[in-house]
Each structure stands twice: as C-alpha cells, then as structure tokens.
Amino acid sequence: LDQAYQRAWQNRDFEIYKFWSRAAYFWGFLVLIFGAYFALDKDKSHNSELELYLLSLGLICAFAWTFVIRGSKRWQENWEAHVDFLEDFVSGPLYKTVFNRGRFYSVSKINEILSWLICLVWSGLFFEFLLERKFFKEIFEF
C-alpha cells in the first residue's frame with residue numbers, strides 16, 4: 001500500500017510537471033507563429049498562401065493545446081483519485097482535508113480558458129483573412 005501510495009504521488013507530480021512543460025512548448029510555438037504571421041501581415045508583398053498556412057497552423061496548434069490541457073488534467077485527476085483512495089490506509093486523510101474553505105482558483109482551468117481565447121483569436125484572424133480575400137463571395141455566388 002505504501003509503495004502504491006508513493007507511486008501515485010510521483011505520477012501525480014509527474015503529470016503536473018508535464019502539464020506545464022507542454023504548456024511552455026505550445027506557448028513558444030504559438031508565439032513564433034504569431035510573430036511570423038504579423039511580420040507577414042506588415043509586408044504586403046508576400047504570397048497570401050503563406051499567410052493562410054500560418055493561420056491554419058496557428059489555429060490547429062491552438063486547438064491541439066486546448067485538448068492537450070484537457071488530457072493532461074484528466075491524467076492528473078486520475079492519480080489524485082488514487083492518492084485519495086490510498087491515503088486513508090497510509091497517512092490518514094491529509095490530501096483530502098482542506099481547512100481553508102475560501103474560493104480556490106484552478107491554474108489549469110485558467111490555462112484552459114486562455115487556450116480557448118487563443119483559439120478564438122486565431123479563428124478571428126482566419127475569418128478576417130477569408131473576408132479580405134472575398135473568399136465567401138466566390139463560394140456563395142450563384
């Protein structure tokens with residue numbers, strides 16, 4: 001029981017570490033794509049296909065980040081459930097006992113909300129690109 005309890009804690013801590021390392025990875029990648037996109041946006045002499053590729057890549061990465069956050073959080077919650085189950089047998093209900101009943105903010109939930117906002121920004125830029133090029137008019141014109 002003690003080994004299982006320690007392993008559950010290690011796995012939980014590992015998931016939290018991986019959560020933030022994945023977040024840093026996506027932040028870095030998204031910042032590079034934003035930078036490339038806005039650098040192209042200032043220089044109007046480029047091919048608009050490259051702009052479309054960057055917008056698509058940014059949108060895909062933003063949605064991927066959102067789903068990675070959700071998956072990481074599920075694994076963390078899985079290991080926390082193991083800790084909850086095993087702690088009564090090993091250390092008593094230390095992890096489950098919360099004395100401060102005030103409002104708690106979830107940093108992972110804030111990160112998820114931020115990722116959805118980034119998805120909205122990329123979606124807005126994508127549709128702005130399509131509207132500027134009269135893409136919808138060509139498709140829906142009879």
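The values are calculated or read from the model by the stated rules, or taken from the named source; none is laboratory data. Only a predicted model underlies this, so the values are computations on that prediction, with no experimental measurement involved. Note: ideal-geometry Cβ built from the backbone for every residue, glycine included; neighbour counts use all protein chains shown. Heavy atoms of the whole protein, side chains included, go into the accessibility calculation; ligands, DNA and RNA do not. Shrake-Rupley method; radii C 1.70, N 1.55, O 1.52, S 1.80 Å.
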If you check every pair at least six apart or on different chains, which have Cβ atoms under 6 Å apart with a residue in the stretch 1-28 that is touching a residue at least 60 places away in the same chain (Cβ under 8 Å) first and a residue that is charged (D, E, K, R) second? Arg12/Glu80
Just checking, how many residues over the stretch 83-126 are of a type in the set (Ser, Thr, Tyr), in a helix (DSSP H, G or I) and at pLDDT below 95? 1
Which one is surrounded by the fewest Cβ atoms within 10 Å (Cβ to Cβ), of the residues in the stretch 61-80 that are within 13 Å of Trp27 (Cα to Cα) and hydrophobic (A, V, I, L, M, F, W, C)? Ala64
Let me confirm something: among Phe26, Phe14, which residue is among the aromatic types (Phe, Trp, Tyr), open to solvent by less than 80 Å² (accessible area, probe 1.4 Å) and either assigned to a helix (DSSP H, G or I) or farther than 26 Å from Glu132 by Cβ (or both)? Phe26
Taking the stretch 80-129 and keeping only residues that are free of Cβ contacts under 8 Å to residues at least 60 places away in the same chain, closer than 14 Å to Phe63 by Cα and of a type in the set (A, V, I, L, M), one is left with Ile113, Leu114, Leu117, Leu120, Val121
Of the residues that sit in the stretch 29-41 and are closer than 20 Å to Thr66 by Cβ and open to solvent by 70 Å² or more (accessible area, probe 1.4 Å), which one is nearest to the chain's Cα centre (by Cα)? Phe29
